[in-house]
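Q: Let me begin by handing over the structure; questions about it come next.
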Amino acid sequence: MPNIRRTLLAATACAVFASPMLAVAQDIKPRLIRFGYGLNEQSNQGRAVKVFADHVEKASGGKMKVRAIGAAALGPDTQMQQALIGGAQEMMVGSTATLVGITKEMALWDTPFLFNNSKEADAILDGPIGKKVMDKLPEKGLVGLVYWENGFRNLTNSKRPVQKFEDFEGIKLRVMQNNVFLESFRTLGANAVPMPFSELFTALETKTVDGQENPYNTILSSKFYEVQKYLSVTNHVYSPWIVTVSKKWWDQLSKDEQKILRDAAVISRDFERKDTREEAGKALADLKGKGMQINELSPAETARMRDKLTAVNATIATNVGMDLWNETQAALAKLRGGK
Ligand code: KDG
């Protein structure tokens, strides 16, 4: 090797090892985690992802960095789920309802009027039944960490107030891409149209659909009040979100790294539920202030709607499995003071 090249090589080697910062810096590249979600950064979902990200960076001493990517920039829930399964994306949070195509047991959470309140929801979701459903994910290439709260869903539309379920007749209603939601709203007489959340605002704005159903926080943060006149309080189902990880990627992590993510998930879950519940009441007042015409179904009409929707329960029980269905009903009865 000619002299000049040997000299240059030696000089370069000295420069690298002589500057420890450069040598050390090159050794510790933070592990980058792309965390996708569907709502915008200012939403309750976006705020909780930031809490998760801050905790992961702090607990890992900067060795793990979460890049929060909202507003469905990485695609709708179903696309992100496939990206996690393929290992092209590390994490996401999204609706359990859009996971039913991958894990049929997730349909349990779509059962109309399953939970009477968030206390029941937390007890079941964070207990053995929620874990049993979550444990069905790894065989499909996903790891579930925690459930967050999307919340109780309510109806908005641009045609009329809904005072009783018969008023759904003729309303073209966007629903999540999920057969239980499709069947439920067809049972009530609506013309149910499955559609990704990312397409919803434009569909409402162009009157492609007349209405949709979501929790107050989402109706506010997604500005649906700009394109929807009526808000009818139905609380027809409690909707969870679930934080999931690509199993392909998860399996490469050390036990310490996995623990950092699990701990951050629990901390973000507790923050998200508190934030979502505190903000829900304010969101309803804000929506009224934005000019939405708000009505509540009477207890009698809510009971009629609930009875009408029991027609879908048999389908759900069959799909999720009678054992899981019966275990859930028994756990709820116990929570409510039954046997
Ligand atoms: O990405 C959006 C989902 O996380 C969730 O908001 C789904 O409630 C949902 C809806 O109506 O699509």
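Q: Mind listing whichever residues of the stretch 65-83 are farther than 17 Å from T96 by Cβ and of a type outside the set (A, V, I, L, M, F, W, C)?
A: K65, R67, G70, G75
Q: When the stretch 169-194 is examined, which residues are found to be part of a loop (DSSP other than H, G, I, E, B) and buried (at least 18 other Cβ atoms within 10 Å of the Cβ)?
A: Once the filter is applied, which keeps residues that are part of a loop (DSSP other than H, G, I, E, B) and buried (at least 18 other Cβ atoms within 10 Å of the Cβ), the stretch 169-194 yields I171, M176, Q177, N178, L188, A190.
Q: Out of the stretch 52-83, which residues are away from the ligand (no atom under 16 Å from the Cβ) and surrounded by fewer than 16 Cβ atoms within 10 Å (Cβ to Cβ)?
A: D54, K58, G61, G62, K63, K65, R67 - these are the residues of the stretch 52-83 that are away from the ligand (no atom under 16 Å from the Cβ) and surrounded by fewer than 16 Cβ atoms within 10 Å (Cβ to Cβ).
Q: Something else about it: Taking the stretch 135-170 on its own, how many of its residues are of a type in the set (S, T, Y) and within 14 Å of the ligand (Cβ to nearest atom)?
A: Count: 2.
Q: Can you tell me which residues in the stretch 307-331 are farther than 16 Å from N178 by Cα, surrounded by 13 or more Cβ atoms within 10 Å (Cβ to Cβ) and not small (G, A, S)?
A: Hits for the stretch 307-331 are K308, L324, W325, E327, T328, Q329.
Q: For the stretch 129-139: of the residues being without any contact (Cβ under 8 Å) to a residue 60 or more places away in the chain and in a helix (DSSP H, G or I), which is surrounded by the most Cβ atoms within 10 Å (Cβ to Cβ)?
A: G130
Q: Scan the stretch 314-323 and give yes if some residue there is modelled with pLDDT under 95 and either farther than 24 Å from Q228 by Cβ or not in a helix (DSSP H, G or I) (or both), otherwise no.
A: Yes, the stretch 314-323 contains a residue that is modelled with pLDDT under 95 and either farther than 24 Å from Q228 by Cβ or not in a helix (DSSP H, G or I) (or both).
Q: Restricting the search to the stretch 103-128, which residues are open to solvent by less than 40 Å² (accessible area, probe 1.4 Å) and part of a loop (DSSP other than H, G, I, E, B)?
A: T103, T111, P112, F113, L114, F115, G127
Q: Can you tell me which residue is nearest to the chain's Cα centre (by Cα) among those in the stretch 280-290 that are in contact (Cβ under 8 Å) with a residue 12 or more places away in the chain and open to solvent by 60 Å² or more (accessible area, probe 1.4 Å)?
A: It comes out as D286.
Q: Looking only at the stretch 224-265, filter to residues that are open to solvent by 60 Å² or more (accessible area, probe 1.4 Å) and in a loop (DSSP other than H, G, I, E, B); which one of those is nearest to the ligand (Cβ to nearest atom)?
A: Ranking the candidates gives N235 first.
The values are calculated or read from the model by the stated rules, or taken from the named source; none is laboratory data. Bear in mind the structure is a predicted one, so any value in this text is a computation, not a measurement. Glycine also receives a Cβ, built like all others from the backbone with ideal geometry; neighbour counts cover every protein chain displayed. Note: areas computed on protein heavy atoms with side chains; ligands, DNA, RNA excluded. Shrake-Rupley method; radii C 1.70, N 1.55, O 1.52, S 1.80 Å.
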